Amino acid sequence: MSTNIILCGVGGQGTILASKLIASAAMARDVAVKTAETIGMAQRGGSVFSHVRLGEDAACPLMARGSADLVLAFEPAEAVRQLPFLKPGGCVVTSTRPVVPVSAMTGGPAYDYEGIMEYLKAKVSNLVLVDSDRAAAELGSAKCLNVVLLGAAVRAGELGLSEGDILAALHERLPEKLWELNERALAWA
Amino acid sequence: MHKEFLMGNEAIALGALAAGVNVVAGYPGTPSTEVLETIARRRTQDVYVEWSINEKAAMEVAAGAAYSGARAMVTCKQVGLNVASDPLMSLEYIGVKAGMVVMVADDPGPISSQTEQDTRTFAQFSKLPCFDPSSVAEAYEMIQEAFELSERLGTPVFFRATTRVDHGYESIEVADEGEWQHNQPEGFVKDSSRWVIFPRLSVVNHAKIEARNARLSDELSSYERNFVVPGAGECKRLGIATHGINYAYVRENLDAENHPRVLRVATPFPFPERKAVEFLEGLDEVLCVEELDPVIERELTYVCGKYGLDVRIRGKLTGDVAPSGENSVESVGAAIAAFVGKEASAAPAPGDAPTLPVRPPVLCAGCPHRASFYAVKRAMAGKKTIFCGDIGCYTLGNAAPLDMVDTCLCMGAGIDIAQGVFHVEPDTTCFAFVGDSTFFASGITGTINAFYNQADLTLVVLDNSTTAMTGHQPHPGTGRTMMGEVVAKVNIEAVLRGIGLSVVETVDPLDHERAVETVRRVAAEPGVKAIIFKSPCVVLAKPQARSVVDPEKCVGCQRCVKQLGCPGLVPRDGKVVIDESLCTGCTLCEQVCPFGAISGGCRIPVELPGGERA
């Protein structure tokens, strides 16, 4: 059985590093990994997503709709956008902090925050909300949202990986001066 | 051997290095860019790598290297291949001495491109053999096989992957550096009967190419990556023919007990005809699952006609597969389900989801291009104008509220399009916006054309001192090369003056009033004149200070938001606040606010001609 994970957010939020950390941690456990990333024009503030597939039986880096065990969302509207990929009963871990696009102020659809949060609560039985504003204030940095979210996903038991696995991947991928902050971010709850 | 977690493009680069590539040249373009960047990062000292000024230059550099016995590779995206097609079409008639691979990244969707062209079709047109990998692991192996075939046949070959292979990641086994092949180039051996193209040589070589490709079709029918998976269960008289990432989509959808026979085509040209006949034997119907052009579908239809086979070939041409756009696991699943006569598994209903905000890509907070467009917009307000854009981040100047890009076609086109408009509408004030890297790639010829042919236009060079859109590659204006050397910079102002332009002004676009005044003055001059807006890309420059809004002074008019559309400006509770995680302190909003409510930013100093620092 493979574990299927969608990471999603807004270009520049750090979804790619998060998917690499999951991949490193899985590889250290000898689990086969395939991922697909959004790279290019959409990185300039567009909607971005990564597909992460752990396990031998994934033939391809992209998954079908309705097959994700976990949607790890850096932004609530993006969680809703990727929700069709969630399998019935799957888990959503999302930051509660909205990122309002310029288009919402210049004639495009408005950002309906209440509607989006209510929809997530109504549709997702296994929903974990991460107050990223409070996390940023308590950690003293908004730059480790990706690791805060990974910590929440590990504790939700949906990654098939332990906090120690992610920690080892952090040490492998990040310079030592960032370890302390990211260790606190991983443990933040 | 060891295991690494690699992007497809990284795997292609490591495969080329393992094959002993000596020279790599390319031009950045999504989704191809990381191949050359990985070569530069992982190469041994004796491998030469360059970002050429455009794909034509890259192709010619690689050809010269391959003439000299070096294994050579060109990297580009599909539209870059168009730029390089002039040398490539002739090169096929001349051939090469050492292996030469033309690595082209196609972009179904398209996700980051102007066109959905298919390099497999280009391979048929140019008569070059073509490899089409299905996964990251396979891309690593196949690029090495591509070098072998190229060298054995003395012809350049295509290695064509699509976005989902280029930007997919897998944990794969790769060779250690000590296991890489080493190719010692013999050097160029003079022989004008071989290296100088003339009609007499072309007609002789054309016949040889056709004979070779006929032989190669048969040889490639035995290539292990062109294979047939036997059918199972009740679907034994049905077949699916596929290629590239679509083979993975097909596999995701196959029922292990009951599925059609599958043909996977790894070399779309020359088409493995004998393998195709073997696949078609005993089948009633075949579904071709392809992205971009119906290459396999047409080949199989042809094979059926040629061999008198009674097999119905279905796919894009029969409306069974979408004729354009990107396929997906579920779109392929639905096509296969319809083909085998099963109900497609119902995708979860979208239900009553709330309306979501749309997120088209936007210019970054603090991007100097925003200031440049806004300065021209203000200076030309009320005038009859056309703003011709070009390829790069600054294409995003088309979005509201700037709305400053009236045309965009291909690299360097804006300068020439402005001339065409001028010759038809001489009373229109014509502007052409071009980035620094695009200016070097293909803007110089258009500028000379305008100057020589007496056009009247204002060329606006948006000089952020990098190739920003594709991830900040160096170019001739940066004074750095991919070999890590610091070299003399090519000065854009000097190039323009060398062409003959007498009015060329360089200004910091974030010095707003001065920028507006410069545009008004320069645009009023006759003939071809230029403004160089110089300010570094904010992704590379470190912010010096951030702007803040004084809530006492902000009256909530939202002029800053509505005029500039900067993502760092956020309306909140009837006023505006600045998102400090995005603000770069560019000060443009401070200069636009009529109430002096925004302050605290600090422009990044820019060196202007004459030693002046804006």
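Pick from the stretch B:153-174 the residues that are within 10 Å of chain A (Cβ to nearest Cβ) and under 21 Å from the mean Cα position of the chain (by Cα): which of them is nearest to B:MET100 (Cα to Cα)? Write out each step before concluding.
At the first step, the residues of the stretch B:153-174 found to be within 10 Å of chain A (Cβ to nearest Cβ) are B:163-172.
Now drop any that are not under 21 Å from the mean Cα position of the chain (by Cα), which leaves B:163-169.
Numbers: B:THR163: 22, B:ARG164: 24, B:VAL165: 21, B:ASP166: 20, B:HIS167: 23, B:GLY168: 25, B:TYR169: 25 Å.
By that ranking, first place goes to B:ASP166.
Listed here are the residues, each with its yes/no results for (1) crowded, with 22+ Cβ neighbours inside 10 Å; (2) over 14 Å from A:LEU21 (Cα atoms); (3) without any contact (Cβ under 8 Å) to a residue 24 or more places away in the chain.
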| site | (1), (2), (3) |
| --- | --- |
| A:LEU127 | no, yes, no |
| A:ALA137 | no, yes, yes |
| A:LYS143 | no, yes, no |
| A:ALA153 | yes, no, no |
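With among the aromatic types (Phe, Trp, Tyr), surrounded by fewer than 20 Cβ atoms within 10 Å (Cβ to Cβ), more than 14 Å from chain A (Cβ to nearest Cβ) and free of Cβ contacts under 8 Å to residues at least 12 places away in the same chain as the only criterion, which of B:PHE227, B:PHE198 stands out?
Numbers: B:PHE227 fails: free of Cβ contacts under 8 Å to residues at least 12 places away in the same chain.
Only one candidate passes the filter, namely B:PHE198.
Would you please list the contacts, defined by Cβ atoms under 8 Å and residues six or more apart or on different chains, that run from a residue in the stretch B:391-417 that is within 11 Å of chain A (Cβ to nearest Cβ) to a residue that is among the basic types (Lys, Arg) and crowded, with 24+ Cβ neighbours inside 10 Å?
B:LEU402/B:ARG370
I need a count of the residues in the stretch B:171-195 that are in a strand (DSSP E or B) and either without any contact (Cβ under 8 Å) to a residue 12 or more places away in the chain or touching a helix residue (DSSP H, G or I) at 6+ places or on another chain (Cβ under 7 Å) (or both).
3
So B:GLU257 clears everything in (1) in a strand (DSSP E or B); (2) modelled with pLDDT under 95 except one condition, right? Which one?
(1)
Conditions (1) closer than 20 Å to A:ILE166 by Cα; (2) touching a residue at least 12 places away in the same chain (Cβ under 8 Å); (3) more than 11 Å from chain B (Cβ to nearest Cβ); (4) assigned to a strand (DSSP E or B), marked per residue:
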{"position": "A:MET1", "(1), (2), (3), (4)": "no, yes, yes, no"}
{"position": "A:ILE6", "(1), (2), (3), (4)": "yes, yes, yes, yes"}
{"position": "A:SER19", "(1), (2), (3), (4)": "yes, yes, no, no"}
{"position": "A:ALA23", "(1), (2), (3), (4)": "yes, yes, no, no"}
{"position": "A:ALA26", "(1), (2), (3), (4)": "yes, yes, no, no"}
{"position": "A:VAL31", "(1), (2), (3), (4)": "yes, yes, no, no"}
{"position": "A:ALA36", "(1), (2), (3), (4)": "yes, yes, no, yes"}
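For residues in the stretch B:390-413 being surrounded by fewer than 22 Cβ atoms within 10 Å (Cβ to Cβ) and of a type in the set (Ser, Thr, Tyr), which is modelled with the lowest pLDDT?
Looking at residues that are surrounded by fewer than 22 Cβ atoms within 10 Å (Cβ to Cβ) and of a type in the set (Ser, Thr, Tyr), I get B:THR395.
When you scan the stretch B:533-572, how many residues do you find that are more than 13 Å from every other protein chain (Cβ to nearest Cβ) and at pLDDT below 90?
Residues in the stretch B:533-572 being more than 13 Å from every other protein chain (Cβ to nearest Cβ) and at pLDDT below 90: 5 in total.
Condition (residue is free of Cβ contacts under 8 Å to residues at least 24 places away in the same chain, in a helix (DSSP H, G or I) and over 14 Å from the mean Cα position of the chain (by Cα)) applied to the stretch B:7-25: is it met by at least one residue?
Residues of the stretch B:7-25 free of Cβ contacts under 8 Å to residues at least 24 places away in the same chain: none.
No, the stretch B:7-25 contains no residue that is free of Cβ contacts under 8 Å to residues at least 24 places away in the same chain, in a helix (DSSP H, G or I) and over 14 Å from the mean Cα position of the chain (by Cα).
For B:VAL49, only one of the following conditions fails: (1) within 17 Å of B:PRO129 (Cα to Cα); (2) β-branched (Val, Ile, Thr); (3) part of a strand (DSSP E or B). What is its number?
Answer for B:VAL49: the failing condition is (1).
Condition first: in a loop (DSSP other than H, G, I, E, B) and touching a Lys or Arg at 6+ places or on another chain (Cβ under 6 Å). Now tell me which residues in the stretch B:231-244 satisfy that.
Step one: filter the stretch B:231-244 for residues in a loop (DSSP other than H, G, I, E, B), giving B:231, B:236-237, B:243.
Of everything in the stretch B:231-244, just one residue is in a loop (DSSP other than H, G, I, E, B) and touching a Lys or Arg at 6+ places or on another chain (Cβ under 6 Å), namely B:GLY231.
With the structure loaded, tell me whether B:GLY600 is of a type in the set (Gly, Ala, Ser) and either within 21 Å of B:MET404 (Cβ to Cβ) or surrounded by 14 or more Cβ atoms within 10 Å (Cβ to Cβ) (or both) or whether it fails that test.
yes
Residues of the stretch B:372-395 being part of a helix (DSSP H, G or I) and either in contact with a Gly (Cβ under 9 Å, 6 or more places away or on another chain) or hydroxyl-bearing (Ser, Thr, Tyr) (or both), which ones? Outline the logic, then answer.
Start the filter on the stretch B:372-395 by keeping residues that are part of a helix (DSSP H, G or I), which leaves B:372-379, B:393-395.
Scanning the stretch B:372-395 gives B:SER372, B:PHE373, B:TYR374, B:CYS393, B:TYR394, B:THR395.
Name the one entry in B:PRO270, B:PRO323 that is under 32 Å from the mean Cα position of the chain (by Cα) and within 25 Å of B:LEU216 (Cβ to Cβ). Before you say what the answer is, go through the steps one by one.
Working: B:PRO323 fails: within 25 Å of B:LEU216 (Cβ to Cβ).
Among B:PRO270, B:PRO323, only B:PRO270 is under 32 Å from the mean Cα position of the chain (by Cα) and within 25 Å of B:LEU216 (Cβ to Cβ).
Counting only residues that are more than 13 Å from every other protein chain (Cβ to nearest Cβ) and touching an Asp or Glu at 6+ places or on another chain (Cβ under 7 Å), which one in the stretch B:27-43 is nearest to B:THR481 (Cα to Cα)?
B:TYR27
Quick check: is even one residue across the stretch A:60-75 under 14 Å from the mean Cα position of the chain (by Cα) and either aromatic (Phe, Trp, Tyr) or facing chain B (nearest Cβ under 10 Å) (or both)?
Residues of the stretch A:60-75 under 14 Å from the mean Cα position of the chain (by Cα): A:68-75.
Filter again for either aromatic (Phe, Trp, Tyr) or facing chain B (nearest Cβ under 10 Å) (or both), leaving A:74-75.
Yes.
Any residue at all in the stretch A:43-54 that's touching a His at 6+ places or on another chain (Cβ under 9 Å) and at the interface with another protein chain (Cβ under 7 Å from one of its Cβ atoms)?
Kept after step one, since they are touching a His at 6+ places or on another chain (Cβ under 9 Å), are these residues of the stretch A:43-54: none.
No, that holds for no residue.
Suppose we filter B:SER126, B:SER113 for residues that are of a type in the set (Ser, Thr, Tyr), surrounded by fewer than 24 Cβ atoms within 10 Å (Cβ to Cβ) and within 15 Å of B:SER32 (Cβ to Cβ); which single one remains? Step through it out loud before you land on a result.
Numbers: B:SER126 fails: within 15 Å of B:SER32 (Cβ to Cβ).
One residue alone meets the criteria, B:SER113.
Among the helices (runs of 4 or more DSSP H) confined wholly to the stretch B:474-585, which include 2 or more residues that are in the same structural domain as B:LEU457 (by TED's automatic domain parsing) and surrounded by 17 or more Cβ atoms within 10 Å (Cβ to Cβ)?
Numbers: elements: B:492-499, B:512-523, B:559-564.
Answer list for the stretch B:474-585: B:492-499, B:512-523.
The values are calculated or read from the model by the stated rules, or taken from the named source; none is laboratory data. As the structure is a computational prediction, the values presented were derived from the model and not from experiment. Heads up, the Cβs are rebuilt from the backbone with ideal geometry, glycines too, and the neighbour counts pull from every protein chain shown.
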